[in-house]
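K.L.:
Here's a structure for you.
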Amino acid sequence: MSTIERRLLPARPDLAAARLRGLVEADRFVEPRPMRVASYCAPVRRAPRRDAALDTEALHGEDVDVFEIDDEGWAWGQLLTDGYVGYLPADDLTARAAWPTHAVQAPRTFVYPAPDMKRPPLGALPLAARIHVSEPAAGGPYLSAEGGFVFAAHLRPLDAVVGDYAAVAEHLRGTPYLWGGRTSSGLDCSALVQLCLSSAGRTCPRDSDLQAASLGRPLEATGERAGLVRGDLVFWKGHVGMMLDAERLIHANGFHMMVEIEPLDDAVRRIEASGGGGITHLKAMA
């Protein structure tokens, strides 16, 4: 199975999604069980083990089609947000109920047991988490949601989009680098891009190679890097960053081990010197 198939195709030699019958070989074909992420964030691993590689993370409120839950409590399924396939702790999932109405637009926001910031919080929701607001705002700063109360200014209706998605990246500056991470506790280069573009209502794949193949419009002159503007994407093999203007790049990277802003020329020289190669794609996103 190719890398792309492993990531995006819900098929194993022993089990596959029923919709793939006749397209792939498998011992069994099953219909999906519709579920939703109930924890604040759920790891999506490459194998059903806690020490297996972290491929990505599923955020609170995201929908998952589950094809199997094994005796060890691992759910094998596909995220509907970006099509990623992997193993999640079944305890982090629940049946789909009321549809989400809002998304978190702050890097992270607390859920309180009462509309009072002095109360110990129940937990914290990450950027892009989806929640169902059970009661509209009644003049106060909090909304009733998720069995508690969330600061209203940290939320946006799902049908409202962010105009300047590069500003989302700027708000995440300093976030630690985490391979496979997708929250303000830790994220990787492609997750930063995905979170920013999804806030603007744009569909975005999870990994940088898929993003390079499907996003934006190619710009000419990768050597001269002409024509870059705020929000455009720059790709290397296995890496992606976002331009803040014609000269500055913001990216989650292993050199700084966090989301950092630096001149694009500096990043190009360093990545080439470390053996990472040159720029592979420049993509205009406007």
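Where a number appears in this text, it was derived from the coordinates with a stated rule and is not lab data. Given the structure is predicted, the values throughout are model-derived calculations rather than measurements. Here the Cβ positions follow ideal geometry from the backbone for every residue, glycine too, while neighbour counts run over all protein chains shown.
K.L.:
How charged is the neighbourhood of GLY276? Take every other residue with its Cβ under 10 Å from the Cβ of GLY276, and add Lys/Arg as +1 and Asp/Glu as -1.
P.N.:
+1
K.L.:
Turning to a different aspect of this structure: What ranking do LYS118, LYS237 get, fewest neighbouring Cβ atoms within 10 angstrom at the top? List each step's numbers first, then the result.
P.N.:
Numbers: LYS118 6, LYS237 14.
With the sparsest Cβ surroundings first, the list reads LYS118, LYS237.
K.L.:
Would you mind ranking ASP71, ASP27 so that the residue whose beta carbon has the fewest other beta carbons within 10 Å leads the list?
P.N.:
Ranked by crowding around the Cβ, least crowded first: ASP71, ASP27.
K.L.:
A follow-up question, please. Net charge near ALA98, counting Lys/Arg +1 and Asp/Glu -1 over other residues with Cβ under 13 Å of its Cβ?
P.N.:
0
K.L.:
Continuing with this model, one more query. State which stretch of the chain is the longest one without any exposed GluC sites (Glu not before Pro), exposure meaning a DSSP loop state and at most 13 other Cβ atoms within 10 Å.
P.N.:
Result for the longest clean stretch: 73-219.
K.L.:
Quick one: check the C-alpha center-to-center distance for segment 1-72 versus segment 262-286, whole angstrom.
P.N.:
Centre-to-centre (Cα) distance: 33 Å.
K.L.:
Taking neighbour counts of Cβ atoms within 10 Å as a proxy for exposure, in what order, fewest first, do ILE250, ILE261 appear?
P.N.:
In increasing order of surrounding Cβ atoms, one gets ILE261, ILE250.
K.L.:
Highest mean first, how do 160-167, 100-107, 47-54 rank when packing is the count of other Cβ atoms within 10 Å averaged over residues?
P.N.:
Output ranking for 160-167, 100-107, 47-54: 100-107, 160-167, 47-54.
K.L.:
Rg to Rh ratio, segment 3-95, alpha-carbon atoms and Kirkwood radius?
P.N.:
Ratio of gyration radius to Kirkwood radius for segment 3-95: 0.94.
K.L.:
Direction-averaged shadow area of the convex hull around the Cα atoms of the chain, nm²?
P.N.:
Its average projected convex-hull area is 16.5 nm².
K.L.:
How large is Rg/Rh for segment 102-157, to two decimals, with Cα atoms and a Kirkwood Rh?
P.N.:
0.91
K.L.:
Estimate the FRET efficiency between ARG230 and ASP27 by the formula 1/(1 + (r/R0)^6), using the beta-carbon distance for r and 51 Å for R0, to the nearest 0.05. Don't jump to the answer; show the numbers that get you there.
P.N.:
Values: r = 51 Å, r/R0 = 0.99.
Using R0 = 51 Å, I get an efficiency of 0.50.
K.L.:
Separate question: Give the long-range amide H neighbours of ALA129: residues separated by 5 or more places, or on another chain, with amide H under 5 Å away, using H modelled in the peptide plane at 1.01 Å from N.
P.N.:
VAL104
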